[in-house]
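Student: Please find one structure pasted underneath; my questions will follow.
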Amino acid sequence: MLDALSEKFERILKKLRGQGVLTEDNIAEALKEVRLALLEADVNFKVVKDFLDRVREKAVGQEVLKSLTPGHQVVKVVWDELRGMMGGERSGISLASRPPTIIMMVGLQGAGKTTTSGKLARLFKGQGKRVLLVAADPRRPAAGDQLASLGRDLGIDVHRFDQIDASRADVVRICQRGVERGQEQGYDLIVLDTGGRLHVDDELMAELVAVKQAVNPHEVLLVADAMTGQDAVNMAGQFDQQVGLTGVILTKVEGDARGGAVLSIRAVTGKPIKFLGMGEKLDALEPFHPDRMASRILG
Ligand code: GDP
């Protein structure tokens, strides 16, 4: 995960840490390398620029240069700003004060929405919560089958449209019925696995807006493939503008050597990353902590 970026940062910062005395030129030189490393990692151009402006401003201050360990101070500044770029504090799932908490999962086909719905359900089940998964993609019965199979493996109930009334296979209705069932039967959490498409289109967005209005979810989480870099960032912007997101879950992060999406999404869209998908297995979901990620990158 983010190995290529991490290796470069380690090298750049090692040089800085090793220097007893630092001049503005030393710092400028190091920041040039940092800039290149971030751009090569596919971080959004504007995000890189803002980051460097802030680091430069703090790092060339006399306090840093005159300190006993200027190199370490600069590294600390870089760490702080990386953490800030990814949102600063951890942002978790906000649970409803009166259950059930309704979580709506959105995203393109293949991003990992169904798998991630299962992962989240498993996580909350492990915390003693009763979870209902709702298969809300009537256009793709295979997705419903996949969720049903995940539910069986995990011992989690799955609500499917074909169990109710296949002729009314409309997504808003399915989600409403799922939520009603969850409320009536005392579930703590309802996870709606909505339909995806291969590309963002108006019909999909309109459908998601209608579902959101109908069920008033506490969380609307975009599931996006980290390997797609800036495409994931742009997509998050589009989903946020058109549907309104509360957060993002990036998947396939374990195979993402570059890290452009992980580093840019928060700064570009203002929406926090809540979890990282780190593999195909159902326990491969990690809470996202900006501070830990910053430490991992800096080595
Ligand atoms: P959906 O179409 O968005 O519902 O996507 P799926 O949940 O069916 O996932 C598509 C593929 O991505 C499947 O093969 C999943 O096993 C895989 N996948 C999902 N999350 C991850 C992840 O974090 N890492 C890896 N390597 N694969 C993942």
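Student: So if the hydrodynamic radius of the chain is defined as the Kirkwood radius over C-alpha pairs, what does Stokes-Einstein give as its diffusion coefficient at 37 °C and 0.692 mPa s, in µm² per second?
Tutor: Numbers: Rh = 20.4 Å.
Answer from the Stokes-Einstein relation: 161 µm²/s.
Student: Still on this structure, please answer the following. Taking a cut-off of 12 Å between Cα atoms, list the aspartates and glutamates near LYS58, but don't count ones fewer than 8 places away on the same chain.
Tutor: The qualifying aspartates and glutamates are GLU24, ASP80, GLU81.
Student: As a check on your grasp of the helix formula, calculate [θ] at 222 nm for the chain: sum -39500 (n - 2.57) over DSSP H runs of n ≥ 4, divide by the residue count, round to the nearest 500. Write down the numbers at each step before the final one.
Tutor: On the way: 12 runs with 155 residues, N = 299.
The helix contribution divided over the chain gives -16500 deg cm²/dmol.
Student: Return the whole-Å distance between the Cα centroid of the stretch 22-92 and the Cα centroid of the stretch 236-299.
Tutor: 21
Student: In nm, give the distance between the simple-model label positions of HIS72 and GLN242, each being 7 Å from the Cα along the Cα-to-Cβ direction.
Tutor: Going by the 7 Å Cα→Cβ label model, 5.1 nm.
Student: For the stretch 208-299, I need the span (max minus min coordinate) of the C-alpha atoms along each principal axis, in Å, sorted largest to smallest.
Tutor: Dimensions of the stretch 208-299 along the principal axes of its Cα atoms: 45, 28, 22 Å.
Student: I need the Debye-formula profile for the stretch 227-269: one equal scatterer per C-alpha, no solvent, reported as log10 I(q)/I(0) at q = 0.15, 0.34 1/Å, two decimals.
Tutor: Debye curve over Cα of the stretch 227-269, log10 I(q)/I(0) at q = 0.15, 0.34 Å⁻¹: -0.33, -1.30.
Student: What does the extension gain come out to for SER295 and ALA214, with contour length at 0.36 nm per residue minus their alpha carbon separation? All intermediate terms of the calculation are to be shown ahead of the outcome.
Tutor: Numbers: separation 81, 0.36 × 81 = 29.16 nm, distance 4.15 nm.
That works out to 25.0 nm of additional length.
Student: Also, I was wondering about something else. Which angle between 0 and 90 degrees, to the nearest 10, do you get for helix 202-215 versus the longest principal axis of the chain when only C-alpha atoms count?
Tutor: It is inclined by approximately 70 degrees.
Student: Another question, then. For a Förster distance of 30 Å, can you work out the FRET efficiency between the beta-carbons of ARG17 and ASP283, rounded to the nearest 0.05?
Tutor: Working: r = 36 Å, r/R0 = 1.21.
Efficiency computed from Cβ-Cβ geometry: 0.25.
Student: I need the peptides 8-18, 181-191 ranked by packing, meaning the mean over residues of other C-beta atoms within 10 angstrom, with the highest value on top.
Tutor: Values: 8-18: 16.5, 181-191: 19.5.
Order by mean packing, descending: 181-191, 8-18.
Student: How large is log10 of I(q)/I(0) for the stretch 104-258 at q = 0.09, 0.18 Å⁻¹ when the intensity is taken from the Debye formula with one equal scatterer per alpha-carbon?
Tutor: For the requested q values the scattering log ratios are -0.26, -1.08.
Student: Which percentage, to the nearest 5, of the DSSP beta bridges contained in the chain is antiparallel? Kindly include the intermediate steps, with their values, before the conclusion.
Tutor: Numbers: 3 of 30 bridges.
Roughly 10 percent of the DSSP beta bridges within the chain come out antiparallel.
Each value in this text was obtained by applying a stated rule to the coordinates, not by laboratory testing. Just so you know, these numbers come straight off a predicted model, no measurement behind them. Cβ sites come from the backbone with ideal geometry, for glycine too, and all protein chains shown count toward neighbours.
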